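The structure under discussion appears below in the form of structure tokens.
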Amino acid sequence: MKLIDGKATAAEIKREIAQEVAQIKAAGGKTPHLAAVLVGHDGGSETYVANKVRACEEVGFKSTLIRYEEDVTEKELLACVERLNKDADIDGFIVQLPLPGHISEEKITEAIDYRKDVDGFHPVNVGRMSLGMPCFLSATPAGIIELLRRYNIETKGKHCVVLGRSNIVGKPVSMLMMRKGYPGDCTVTVCHSRTQNIKEICLQADIIIAALGVPEFLRGDMVKEGAVVIDVGTTRVPSDQTKSGFKLTGDVAFNEVAPKCSWITPVPGGVGPMTIVSLLRNTLLAGKKMIYA
Ligand code: GUN
């Protein structure tokens, strides 16, 4: 079994991005600028957004954090999106999800100018991704694909089983794994909460991408010898063994599954760190007008 080290790979990509930003600045170009909108004080969202802002600083981007209280109206948030759409200094921005129940996430996402949608959540970017056109790829699927690429993991003709059908991971990553070229060219099966015989299907998989959000769902007896396992789960499970009072737990029972794998991602330190660099890469591409002029 070999570990796919997302932390080290993310650090390497951050260095590459920082180098490129330094070159852009030295040549008198515009510093890439990411804005993040955070509504409320959800612990997870606070941490994610703080990490995104810190990552921007690390690579030399400009970043702007815009905060609203939980009771912000949908109208106010739409006005904020409109301002950011129009602000020529902002290359890309994100509205951290989830949003409070009285605000439509769909409405907000659709209001974002797709040319600044560095989260890759806008229907135009999702549609272009599914057609194989240039677009902003959403962070987690792009991070998974980049890990497979950097570790030269064979995908052509392999059976890839995706566990989960979410809009932000399961659906897009299944499209990417079946597209022509590398990484891709897989035969893809998508399993979800209503799938029958999940164990039998997983046992046929050369590659398993677990993105259900069910801690330790994938057990040792569900994986064939030599499989590649990508764990996207990041559930905060209460723990008295950590300072924070929770333990980040993946969708894979690592101790059981790892001995059977050729390659596996750990949690934490696997897919997680890659998601932020995907966002940085999209922001860099947005700044350079590489996807949309
Ligand atoms: N919430 C969880 N993941 C994400 C993400 O990648 N982007 C945004 N905007 N919200 C999230």
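Any read-out appearing in this document is the output of simple, stated calculations on the displayed coordinates, not a laboratory observation. These figures come from a predicted structure and were not determined experimentally. With ideal geometry, Cβ positions are generated from the backbone for all residues, glycine too; neighbour counts draw on all protein chains shown.
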Going by the structure shown, is residue 10 more than 28 Å from residue 76 (Cβ to Cβ), surrounded by fewer than 18 Cβ atoms within 10 Å (Cβ to Cβ) and of a type in the set (A, V, I, L, M)?
no
Looking only at residues that are of a type in the set (Val, Ile, Thr) and over 22 Å from residue 131 (Cα atoms) in the stretch 151-206, which one is nearest to the chain's Cα centre (by Cα)?
153
Taking the conditions exactly as written (within 16 Å of the ligand (Cβ to nearest atom), of a type in the set (Ser, Thr, Tyr) and within 30 Å of residue 10 (Cβ to Cβ)), does residue 63 satisfy them or not?
yes
Members of the stretch 147-173 that are within 15 Å of the ligand (Cβ to nearest atom) and surrounded by fewer than 21 Cβ atoms within 10 Å (Cβ to Cβ)
166, 167, 168, 171
Considering only residues that are surrounded by 15 or more Cβ atoms within 10 Å (Cβ to Cβ) and farther than 16 Å from residue 272 by Cα, look in the stretch 247-257 and name the one that is farthest from the chain's Cα centre (by Cα).
256
Scan the stretch 94-104 for residues that are within 13 Å of the ligand (Cβ to nearest atom) and exposed (fewer than 14 other Cβ atoms within 10 Å of the Cβ) and jot them down.
98
Identify the residue in the stretch 56-65 that is touching a residue at least 60 places away in the same chain (Cβ under 8 Å) and closer than 22 Å to residue 81 by Cβ and, among all such residues, is surrounded by the fewest Cβ atoms within 10 Å (Cβ to Cβ).
61
Residues in the stretch 109-127: is at least one within 15 Å of the ligand (Cβ to nearest atom), farther than 23 Å from residue 287 by Cα, among the basic types (Lys, Arg) and part of a helix (DSSP H, G or I)?
no
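So, residue 284, is that one within 16 Å of the ligand (Cβ to nearest atom) and buried (at least 16 other Cβ atoms within 10 Å of the Cβ) or not? Walk me through how you get there before you give the answer.
Details: within 16 Å of the ligand (Cβ to nearest atom): no; buried (at least 16 other Cβ atoms within 10 Å of the Cβ): yes.
So residue 284 does not fit the description; no.
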Could you please let me know if residue 91 is away from the ligand (no atom under 14 Å from the Cβ), within 19 Å of residue 285 (Cα to Cα) and surrounded by 23 or more Cβ atoms within 10 Å (Cβ to Cβ)?
yes
In contact with a helix residue (DSSP H, G or I) (Cβ under 7 Å, 6 or more places away or on another chain) and within 16 Å of the ligand (Cβ to nearest atom) - does that describe any residue in the stretch 174-196?
yes
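Filter the stretch 128-146 down to the residues that are out of contact with any Asp or Glu (no Cβ under 8 Å at 6 or more places or on another chain), of a type in the set (S, T, N, Q) and within 13 Å of the ligand (Cβ to nearest atom) and list them by number. Give the steps one after another, and end with the answer.
Here is the first cut: in the stretch 128-146, the residues out of contact with any Asp or Glu (no Cβ under 8 Å at 6 or more places or on another chain) are 128-135, 137, 140-146.
Then drop every residue that is not of a type in the set (S, T, N, Q), which leaves 130, 140.
Within the stretch 128-146, just 140 meets the criteria.
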